[in-house]
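Working notes, beginning with the structure itself.
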Amino acid sequence: MKSQQVNILMLEDVESDSQLFGMALENVRANVLLRTVTDDRGGTEYFSGRGVYRDRKEYPLPDIVVLDLRMQNVSGVEFLKWCRSAAECRSIPVVVLTGIVREDPEIQVAMASGANQVYFKPAAFNHLANIAREIYELGVEAKNKSAAPMERASQAA
C-alpha cells in the first residue's frame, strides 16, 4: 500500500538545510510534495496564492508547515503570528525546525505564538531522518483531520 502524500511547505533560508531535510524525507520513504520558500514574504505569498503560487495544482496548500525561526533579515515568529491570524493558514500545523539553542527565549515566543512542535536541527543525519518521519506523520494526521469534515459533508449530501 502506498503511503499518503503530504504537502509540506518549508520556510528555510539556508538551501543546504532544506536539501538535507528533503533527503531525510526520502530516506524514510515519506511520500511528500516539499515546497520551499526562503522568507516570510514567500510564505505569505504561497498561502495567498499570489505571483508564481497562483496555480494550486502546482502549489497546493500545505498539510503542514516546517519553519526555521531565524532566517536572514526576518524572524520566523513573525510568519507564525501572521499564519495564526490568517484564515488560509490558521488551522495548518506549524512545526519549528531550528538551529538555535534550546534555552533561547525565541523558542518560548514561538510556542506562545502558535507553533505546534519545536525540533532542533541535529548534527547527525539519522536524527534528522527521525525528525522528518515525525513531521511526515504529523502531516498525515493533519491531512486526515482536515479531510474528515469534507467526507462527512459529502456523505450527508
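Picking from residues in segment 1-24 that are of a type in the set (D, E, K, R) and out of contact with any helix residue (DSSP H, G or I) (no Cβ under 9 Å at 6 or more places or on another chain), the one that is farthest from VAL74 (Cα to Cα) is LYS2. Once segment 18-41 is narrowed to residues that are closer than 16 Å to ASN7 by Cα, touching a Gly at 6+ places or on another chain (Cβ under 9 Å) and of a type outside the set (Val, Ile, Thr), the residue that is surrounded by the most Cβ atoms within 10 Å (Cβ to Cβ) is ALA30.
The residue that is farthest from the chain's Cα centre (by Cα), counting only those in segment 25-49 that are farther than 24 Å from VAL77 by Cβ and part of a helix (DSSP H, G or I), is ASN27. When VAL32, VAL52, VAL74, VAL65 are screened for being β-branched (Val, Ile, Thr) and within 17 Å of LYS121 (Cα to Cα), only VAL65 passes. Of all the criteria given as (1) among the charged types (D, E, K, R); (2) in contact (Cβ under 8 Å) with a residue 24 or more places away in the chain; (3) not in a helix (DSSP H, G or I), the one not satisfied by LYS81 is (3). Taken together, the residues in segment 106-149 that are of a type in the set (Gly, Ala, Ser), surrounded by fewer than 16 Cβ atoms within 10 Å (Cβ to Cβ) and assigned to a helix (DSSP H, G or I) amount to 4. Screening TYR59 against (1) touching a Lys or Arg at 6+ places or on another chain (Cβ under 9 Å); (2) in a helix (DSSP H, G or I) leaves a single unmet condition, (2).
The sole residue among VAL77, VAL52 that is within 17 Å of the chain's Cα centre (by Cα), within 25 Å of GLU15 (Cβ to Cβ) and among the β-branched types (Val, Ile, Thr) is VAL77.
Readers should treat all values here as calculations from the given coordinates under stated rules, not as data from a laboratory. Keep in mind that this is a model prediction, so the values were computed, not measured. Because the Cβ atoms are built from the backbone with ideal geometry, glycine has one as well, and the counts that use them run over all protein chains shown.
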